[in-house]
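Colleague: My questions will all concern the structure given below.
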Amino acid sequence: DRPGVASAHDIAQMNRDYTMFSWSVQGASTPMVMTGGKGSHFFDGEGKPWLDFSSQLINLNVGHQHPRMLGAIKRQVDTLCFAGPSFATEPRGLLGQKLAEVTGLAKAFFTLGGSEANENAIKMARLVTGRDKIITRYRSYHGATMGSMTASGDPRRWPVEPGIPGVVRVFDPYCYRCPFGKTPDSCGRECVSHIEEIIQMEGPHTIAAILVEGITGSNGLLVPPDDYYPKLRALCDKYDLLLITDEVMSGFGRTGKWVATQHWNILPDIITCAKGLTSGYMPLGAVIVNERVANYFEDHMLWGGLTYSGHPVSCAAGVENLAIYEEEGIFARVDELGAHLAQRLEAMKARYACVGDVRYKGLFSVLELVRDKATKEPLAPFNGTSPEMGLLAGHIKSRQVYAYSRFNFLWVCPPLIITKEELDAGLDVYEEALALVDERLRV
Ligand code: PLP
């Protein structure tokens, strides 16, 4: 070891002894040490490269240590590291302007991440409409702060319930396991029409907004049918509810567009985002609002603030990140690689008995794993795991591919700058793991 530089072992030990890890029983957490990264790979404590097949937390969209990001952050650090949130700065103004341009909305309020963005979106929707209730979906995650956690349908909300009042949940556009027992070809889009009944039962005059993920991410990557969003938009218009889309995970190139709802040509009233906004290089979230919401706050107090709102270094990282998407042709690349990924995922579904369904949009994708294709029995129960999922994850890890898996889902969400060869190499490792699971299921 070099003098003054902690060994990988010591780093792990200090982290374990003096810091707490999210979503884990502390005594059971075994953090991997990360010492560096480049493009689609990061390096562990021994300097071994790992293929990052989940872009860390599905946020590192332009990959590890992108030189342009490093340059922009360093330039801003040299110019001005911090300005209080009441000051005007160039990066904050530029980023606000760019976000209005790419989303078609009006103004942005900056936060530090996605949970805070949703927290503030809920607050704004309540202030603007003078109503309390927020409709959200069961298979959703909106963040870990109290309001955003309650808005989530994800089981991670259970330990903090009852949380905030006024959250009403509805079912999801989950065609593989339709909650209404239908199929997309013959259904009446009950996933939307039942929401209308719930609006009526709850009282439209008590509901401020419907809050949904652009494309559901950590609860199984649910891509809605093409007419879902137009119908949901119409429903919000009919009852004068604000439509808030949470694009924290599905935004900024992940699906080949700035935000996922652009695939369906609808405009929400509020978009929340974070993650891919800076590709994780600096903490930043945003609540982007339309004219109606922006105008309301022209002559009403915005009851909200954060010391780090509009942080100049975060905003400078955001400005550069968005420029990279455009100047490096990231969306076209996602379309091209996404088409290849789709083909490979469909082939896996055809080849492996344990692959029940595959869902994808751009480089945002998941394999849903089952014990039996006919019965669709999940390979692990809702909110649980199983020896087979352990086998799958263990094999992928043993091949130094960093993958995100949860319940019976296995995601493929690599950095958007990944090469086709790297993508294929990771998918080949997934196939080895799926073959092992099939073998285990046969005995
Ligand atoms: N919304 C969605 C859809 C997310 O996936 C996440 C995080 O994974 C959040 C909100 C919370 O964002 P953050 O962890 O930045 O607070």
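Colleague: If a residue must be among the charged types (D, E, K, R) and exposed (fewer than 12 other Cβ atoms within 10 Å of the Cβ), how many such residues does region 1-35 contain? I'd like the intermediate steps shown before the answer.
Modeller: Step one: list which residues in region 1-35 are among the charged types (D, E, K, R), which gives 1-2, 10, 16-17.
From what's left, exposed (fewer than 12 other Cβ atoms within 10 Å of the Cβ): 1-2, 17.
Matching residues across region 1-35 total 3.
Colleague: Tally time: how many residues in region 343-365 are among the small types (Gly, Ala, Ser) and over 23 Å from Leu57 (Cβ atoms)?
Modeller: Result for region 343-365: 4.
Colleague: Also, I was wondering about something else. Does at least one position in region 201-210 carry a residue that is farther than 30 Å from Val355 by Cα and within 16 Å of the ligand (Cβ to nearest atom)?
Modeller: Yes.
Colleague: Output the number of the condition that Gly188 fails; it satisfies all remaining conditions of (1) assigned to a loop (DSSP other than H, G, I, E, B); (2) touching a residue at least 40 places away in the same chain (Cβ under 8 Å).
Modeller: Exception for Gly188: condition (2).
Colleague: Under 7 Å between Cβ atoms, which residue pairs at least 6 apart in sequence (or on different chains) link something in region 127-146 that is over 25 Å from Pro173 (Cα atoms) with a partner that is more than 14 Å from the ligand (Cβ to nearest atom) and part of a helix (DSSP H, G or I)?
Modeller: That search, which allows pairs on different chains as well, returns Val128/Val293; Val128/Tyr296; Arg131/His205; Arg131/Thr206; Met146/Val160.
Colleague: Shifting gears a bit: For Trp158, only one of the following conditions fails: (1) out of contact with any Phe, Trp or Tyr (no Cβ under 9 Å at 6 or more places or on another chain); (2) outside any helix (DSSP H, G or I); (3) away from the ligand (no atom under 11 Å from the Cβ). What is its number?
Modeller: (2)
Colleague: Can we say Val355 is surrounded by 24 or more Cβ atoms within 10 Å (Cβ to Cβ) and assigned by TED's automatic domain parsing to the domain that holds Glu388?
Modeller: So Val355 passes the test.
Colleague: Pick out the one residue from Ser193, Ser218, Ser250 that is at pLDDT 95 or above, assigned by TED's automatic domain parsing to the domain that holds Ile122, among the polar types (S, T, N, Q) and assigned to a helix (DSSP H, G or I).
Modeller: Ser193
Colleague: Take the residues in region 393-406 that are more than 17 Å from the chain's Cα centre (by Cα) and assigned to a loop (DSSP other than H, G, I, E, B); name whichever of them is surrounded by the fewest Cβ atoms within 10 Å (Cβ to Cβ).
Modeller: Ranking the candidates gives Gln400 first.
Colleague: Right, something else. Kindly indicate which of Gly217, Gly163 is in contact (Cβ under 8 Å) with a residue 60 or more places away in the chain and either crowded, with 24+ Cβ neighbours inside 10 Å or within 16 Å of the ligand (Cβ to nearest atom) (or both).
Modeller: Gly217 is the lone residue from the list that is in contact (Cβ under 8 Å) with a residue 60 or more places away in the chain and either crowded, with 24+ Cβ neighbours inside 10 Å or within 16 Å of the ligand (Cβ to nearest atom) (or both).
Colleague: Among the helices (runs of 4 or more DSSP H) contained in region 276-392, which hold 1 or more residues that are touching a helix residue (DSSP H, G or I) at 6+ places or on another chain (Cβ under 8 Å) and basic (Lys, Arg)?
Modeller: 291-296, 330-351
The values are calculated or read from the model by the stated rules, or taken from the named source; none is laboratory data. None of the values given here were measured: they were computed from a predicted structure. All Cβ positions, even for glycine, are placed from backbone atoms using ideal geometry, and neighbour counts span all protein chains on display.
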